[in-house]
Amino acid sequence: MGKPDAEGHGPADGLPGLPPEWGRVVVPDDASALAAEAAQLRRELRRATGLSGGPRALGLPLLVLLVAVLTTLAGLLVVTWPRANRGNDRPTPAPYSPPATLTGRALPALDLVDASNAPVPLRGLLPAMIILVDGCPCPDRVADALAAAPAGVSVVTVTGGRTVPAAPANQRQVRALADPAGGLRSFLGQPARPGGLTALLVDRGGTVTRVLPDLGPVETYRQDLTALTA
């Protein structure tokens, strides 16, 4: 054992200058004597590191999971969110017009049917103004076309299916036919439009001279109708 130093602060073989309440602190000659204390200190440090590092270790996976959930919810919101003006974002379709190459082409040799379901060769009625009425019967406009048609020019109304509507009493000269196979519509390349009439002017040689996408006033086609007799 060491003896107190000259000033009485502690034993000479201890650590001088330490607070008295620490008690006697002795530094051993062999460091292996501190192995137990060192192991205990390492255990305490590992425990402290585990407690302080646990939340940080779990934080990254939780953050990734949170971002994935928010991304999925945002995608679902974009897909399912109702937009009242969605239809307004679409461009307005251009007015219907037949193919530019239709005028000057030969009318196909189509067989339509009459009210008795008997076949009627369409080319046997030429020259003719052929009016497709499956979008709209529109008897007034058909009557105007009939009144403007010169002698020798047939006015033919064509509807889809097999049902041929009876012509009004003042339109007995109109030849009403049906197109069950849809051959005439296929030739035009356009579906029926509700409220619209499409007409073809075909000369006696079977050539389409004009297509009227929307049959309007007689003045817009009278000259072409008269030319069919040439």
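The values are calculated or read from the model by the stated rules, or taken from the named source; none is laboratory data. Just so it is clear, the structure is predicted and the values come from calculations on it, not from any experiment. No Cβ is skipped: glycine too gets one built from the backbone with ideal geometry, and neighbour counts run over all protein chains shown. Ligands, DNA and RNA are stripped out before the accessible areas are found, and what is left, the full protein with its side chains, is counted by its heavy atoms. Shrake-Rupley method; radii C 1.70, N 1.55, O 1.52, S 1.80 Å.
Miscellaneous remarks
- Surface composition of segment 153-230: carbon and sulfur atoms hold 50% of the protein heavy-atom accessible area at a 1.4 Å probe.
- Using a simple spin-label model with pseudo-atoms 7 Å out from Cα toward Cβ, Arg105 and Arg162 lie 2.8 nm apart.
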